[in-house]
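J.: Once you've had a glance at the structure underneath, I'll fire off some questions.
The values are calculated or read from the model by the stated rules, or taken from the named source; none is laboratory data. Because the structure is predicted, anything quoted here is derived from the model rather than measured. Every residue, glycine as well, gets a Cβ built from its backbone with ideal geometry; the counts of neighbours run over all protein chains shown.
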Amino acid sequence: MSMPTIRHVRAFTVRGGGADYHDQAEGHWIDDHVSTPLARYPEYRQSRRSFGLDVLGTLVVEIEASDGTVGFAVTTGGEIGAFIVEKHLVRFLEGQWVTDIEKMWDLMYFGTQFYGRKGIVLNTISCVDLALWDLLGKVRKEPVFQLLGGPVRDELQFYATGARPDLAQKMGFIGGKMPLQHGPAEGEEGLRKNLDRLADMRNRVGDDFWLMYDCWMSLDLRYATRFAHLAQESGLKWIEEALSPDDYWGYAELRRKMPPAMWVTTGEHEATRWGFRMLLEMGCCDMIQPDVGWCGGITELIKISALADAHDALVVPHGSSVYSYHFVVTRHNSPFAEFLMMAPKADEIVPMFTPLLLDEPLPVNGRMKVPDTPGFGVRLNPACTLHRPYEH
């Protein structure tokens with residue numbers, strides 16, 4: 001088969017849900033009194049939107065091949081990401097063979113290194129990379145998981161992230177991860193509320209259901225250590241992203257001070273093999289949680305996962321819908337997956353990137369067989385308005 005080349009690349013933005021799942025209406029659990037680094041300031045404590053968590057919006061990248069096949073992907077990136085794609089990255093893509101993904105990743109990363117390395121630039125590179133894998137799968141008429149070597153299990157099993165682990169248990173998930181609501185600035189009263197909420201949820205779900213807390217970079221080492229030891233009475237399975245993602249030394253110390261049965265997990269806001277190398281070589285955590293839409297895409301996640309395997313660490317990607325499902329099903333060191341409960345009250349299962357993607361597979365009784373549709377197997381919803389702020 002003659003392999004097509006890349007003919008054209010387009011970048012769009014979308015508002016309201018989608019890949020920027022923090023872009024929600026008022027009253028959504030994902031925004032309501034969640035502990036953050038800015039919660040030390042009372043005026044930014046009640047809502048994460050108050051300090052701009054929803055400012056970016058969704059980035060959509062479409063890549064059209066010379067045979068007319070179109071691959072696409074979505075991530076958090078908005079107009080800034082669209083500018084980077086249209087005004088910089090396209091020079092590394094158009095004209096290349098659709099198979100040359102490793103080369104294109106190398107060109108994009110090292111071509112933006114003078115202003116990139118992490119953050120929004122890596123989000124953008126991730127989106128392009130995922131679109132390339134989607135395109136290659138469609139050209140070859142194979143699902144991405146087959147391109148990655150094929151599945152190592154018949155189905156995925158999930159834990160749920162949301163405000164109601166007790167409801168997630170009834171839906172068949174293996175565990176529930178709650179957002180921590182009160183940070184160090186709320187003192188002993190806040191600490192007690194966090195512990196009481198955990199104890200109440202443990203009473204609701206019984207002893208065998210996993211319970212975890214997502215701390216979203218909001219704690220310091222002293223608070224996190226004390227909280228972990230107090231929380232072990234309620235059987236907390238892990239404490240997630242307790243510290244700033246730049247504090248590798250703090251994470252290493254936290255892991256040394258943890259109760260024996262409790263894990264330290266992090267990596268949602270880390271990027272590239274070099275960032276995860278720091279976490280792994282310094283012994284910062286038991287499980288890494290790269291977001292495939294932020295860490296460098298599938299191409300980089302392959303390298304990150306190999307590093308973790310060599311360090312006997314688990315890799316359970318941060319919730320990113322089909323983009324992580326196709327990877328997790330091919331890796332032995334990814335024994336389960338995260339499902340983000342995007343219903344405002346976390347009381348029903350809805351597609352994670354709703355309303356932007358069509359055909360997103362959903363877990364049933366906490367399990368899912370990844371569909372064998374070519375590429376990532378999803379479509380853009382034509383009812384969502386795409387805006388192309390820049391062209392080349």
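J.: Report, by residue number, each residue of the stretch 214-255 that is among the aromatic types (Phe, Trp, Tyr), over 18 Å from Leu279 (Cα atoms) and surrounded by fewer than 20 Cβ atoms within 10 Å (Cβ to Cβ). Please lay out each step first, then the result.
T.: Step one: filter the stretch 214-255 for residues among the aromatic types (Phe, Trp, Tyr), giving 216, 223, 227, 238, 248-249, 251.
With the extra rule that they be over 18 Å from Leu279 (Cα atoms), the set shrinks to 223, 227.
Listed by number, the list holds a single entry, Tyr223.
J.: Continuing with this model, one more query. If you take the residues of the stretch 279-298 that are aliphatic (A, V, I, L, M) and free of Cβ contacts under 8 Å to residues at least 60 places away in the same chain, which of them is surrounded by the most Cβ atoms within 10 Å (Cβ to Cβ)? Don't jump to the end; show me each part of the working.
T.: Step one: list which residues in the stretch 279-298 are aliphatic (A, V, I, L, M), which gives 279-280, 282, 287-288, 292, 298.
Right, trim to free of Cβ contacts under 8 Å to residues at least 60 places away in the same chain and you get 279-280, 282, 287-288.
Details: Leu279: 25, Leu280: 21, Met282: 14, Met287: 18, Ile288: 28.
Across the stretch 279-298, the extreme among qualifying residues is Ile288.
J.: While we're here: Among (1) assigned by TED's automatic domain parsing to the domain that holds Leu362; (2) under 30 Å from Tyr248 (Cα atoms); (3) buried (at least 21 other Cβ atoms within 10 Å of the Cβ), which single condition is Phe173 missing?
T.: All conditions are met except number (2).
J.: Please enumerate the residues belonging to the stretch 375-392 that are over 19 Å from the mean Cα position of the chain (by Cα), assigned to a loop (DSSP other than H, G, I, E, B), in contact (Cβ under 8 Å) with a residue 12 or more places away in the chain and closer than 16 Å to Glu62 by Cβ.
T.: Asn381, Cys384, Thr385, Leu386, Arg388, Pro389, Tyr390, Glu391, His392
J.: What tally of residues in the stretch 8-63 results from selecting those that are more than 22 Å from Glu186 (Cβ to Cβ), touching a Lys or Arg at 6+ places or on another chain (Cβ under 6 Å) and acidic (Asp, Glu)?
T.: Looking only at that region, the number is 1.
J.: A further question on this structure: For Ala346, which of the numbered conditions (1) more than 20 Å from His269 (Cβ to Cβ); (2) part of a helix (DSSP H, G or I); (3) of a type outside the set (D, E, K, R) fails to hold?
T.: Among (1) more than 20 Å from His269 (Cβ to Cβ); (2) part of a helix (DSSP H, G or I); (3) of a type outside the set (D, E, K, R), the lone unmet condition for Ala346 is (2).
J.: Have a look at Tyr21, Tyr44 and point out the one that is farther than 20 Å from Lys345 by Cα and not aliphatic (A, V, I, L, M). Spell out the reasoning first.
T.: On the way: Tyr21 fails: farther than 20 Å from Lys345 by Cα.
Among Tyr21, Tyr44, only Tyr44 is farther than 20 Å from Lys345 by Cα and not aliphatic (A, V, I, L, M).
J.: Can you tell me which residue in the stretch 36-71 is surrounded by the most Cβ atoms within 10 Å (Cβ to Cβ), limited to those that are of a type in the set (Asp, Glu) and over 25 Å from Val139 (Cβ atoms)? Spell out the reasoning first.
T.: First, the residues of the stretch 36-71 that are of a type in the set (Asp, Glu): 43, 54, 62, 64, 67.
Narrowing further to those that are over 25 Å from Val139 (Cβ atoms): 43, 54.
Values: Glu43: 9, Asp54: 20.
Among those residues, the one meeting the criterion is Asp54.
J.: Working only within the stretch 350-392, note down all residues that are in contact with a Leu (Cβ under 9 Å, 6 or more places away or on another chain), among the hydrophobic types (A, V, I, L, M, F, W, C) and surrounded by 20 or more Cβ atoms within 10 Å (Cβ to Cβ).
T.: Selection gives Met352, Leu356, Leu357, Val370, Phe376, Val378.
J.: Right, next: Quick check on the stretch 113-136. Is at least one of its residues assigned by TED's automatic domain parsing to the domain that holds Phe339, aliphatic (A, V, I, L, M) and closer than 30 Å to Pro344 by Cα?
T.: Let us first name the residues in the stretch 113-136 that are assigned by TED's automatic domain parsing to the domain that holds Phe339, namely none.
So far as the stretch 113-136 goes, no, none of its residues is assigned by TED's automatic domain parsing to the domain that holds Phe339, aliphatic (A, V, I, L, M) and closer than 30 Å to Pro344 by Cα.
J.: On to the next question. Could you list all residues from the stretch 182-235 that are touching a helix residue (DSSP H, G or I) at 6+ places or on another chain (Cβ under 7 Å), within 22 Å of Ala168 (Cβ to Cβ) and aliphatic (A, V, I, L, M)?
T.: Residues satisfying the conditions are Leu195, Leu198, Ala199, Met201, Val205, Leu211, Ala231.
J.: Which condition breaks for Phe12 when tested against (1) touching a Leu at 6+ places or on another chain (Cβ under 6 Å); (2) assigned to a helix (DSSP H, G or I)?
T.: Answer for Phe12: the failing condition is (2).
J.: So which pairs qualify, if the first residue must be in the stretch 203-216 and on the phi > 0 side of the Ramachandran plot, the second must be of a type in the set (Asp, Glu), the Cβ gap must be under 9 Å, and the two must be at least 6 apart or on different chains?
T.: Trp216/Glu240; Trp216/Glu241; Trp216/Glu268
J.: Of all residues being under 22 Å from the mean Cα position of the chain (by Cα) and of a type in the set (Gly, Ala, Ser) in the stretch 72-120, which is surrounded by the most Cβ atoms within 10 Å (Cβ to Cβ)? Just the residue, please.
T.: Among residues in the stretch 72-120 that are under 22 Å from the mean Cα position of the chain (by Cα) and of a type in the set (Gly, Ala, Ser), the one surrounded by the most Cβ atoms within 10 Å (Cβ to Cβ) is Gly77.
J.: Enumerate the helices (runs of 4 or more DSSP H) found wholly within the stretch 89-189, keeping only those where 2 or more residues are of a type in the set (Phe, Trp, Tyr) and at pLDDT 95 or above. Lay out the reasoning, then the answer.
T.: Details: elements: 101-111, 119-140, 144-147, 165-170.
In the stretch 89-189, the matching helices (runs of 4 or more DSSP H) lie at 101-111.
J.: I've got another one for you. Name every residue in the stretch 347-364 that is of a type in the set (A, V, I, L, M, F, W, C) and in contact (Cβ under 8 Å) with a residue 40 or more places away in the chain, in order of residue number. Please lay out each step first, then the result.
T.: Our first condition is that a residue be of a type in the set (A, V, I, L, M, F, W, C); within the stretch 347-364, this holds for 349-350, 352-353, 356-358, 362, 364.
Matches in the stretch 347-364: Ile349, Met352, Phe353, Leu356, Leu357, Val364.
J.: Please work out if Glu300 is among the acidic types (Asp, Glu), touching a strand residue (DSSP E or B) at 6+ places or on another chain (Cβ under 6 Å), assigned by TED's automatic domain parsing to the domain that holds Gly206 and closer than 29 Å to Phe376 by Cα. Working first, answer last.
T.: Values: among the acidic types (Asp, Glu): yes; touching a strand residue (DSSP E or B) at 6+ places or on another chain (Cβ under 6 Å): no; assigned by TED's automatic domain parsing to the domain that holds Gly206: yes; closer than 29 Å to Phe376 by Cα: yes.
Criteria not met by Glu300.
J.: Considering the stretch 311-337 alone, what residues qualify as being of a type in the set (D, E, K, R) and surrounded by fewer than 21 Cβ atoms within 10 Å (Cβ to Cβ)? Don't jump to the end; show me each part of the working.
T.: At the first step, the residues of the stretch 311-337 found to be of a type in the set (D, E, K, R) are 312, 331.
Result: Asp312, single match.
J.: Is it the case, given these coordinates, that Ala306 is in a loop (DSSP other than H, G, I, E, B), among the small types (Gly, Ala, Ser), more than 23 Å from Trp29 (Cα to Cα) and out of contact with any helix residue (DSSP H, G or I) (no Cβ under 7 Å at 6 or more places or on another chain)? Let's see the steps before the verdict.
T.: Values: in a loop (DSSP other than H, G, I, E, B): no; among the small types (Gly, Ala, Ser): yes; more than 23 Å from Trp29 (Cα to Cα): yes; out of contact with any helix residue (DSSP H, G or I) (no Cβ under 7 Å at 6 or more places or on another chain): yes.
Against the criterion (in a loop (DSSP other than H, G, I, E, B), among the small types (Gly, Ala, Ser), more than 23 Å from Trp29 (Cα to Cα) and out of contact with any helix residue (DSSP H, G or I) (no Cβ under 7 Å at 6 or more places or on another chain)), Ala306 does not qualify.
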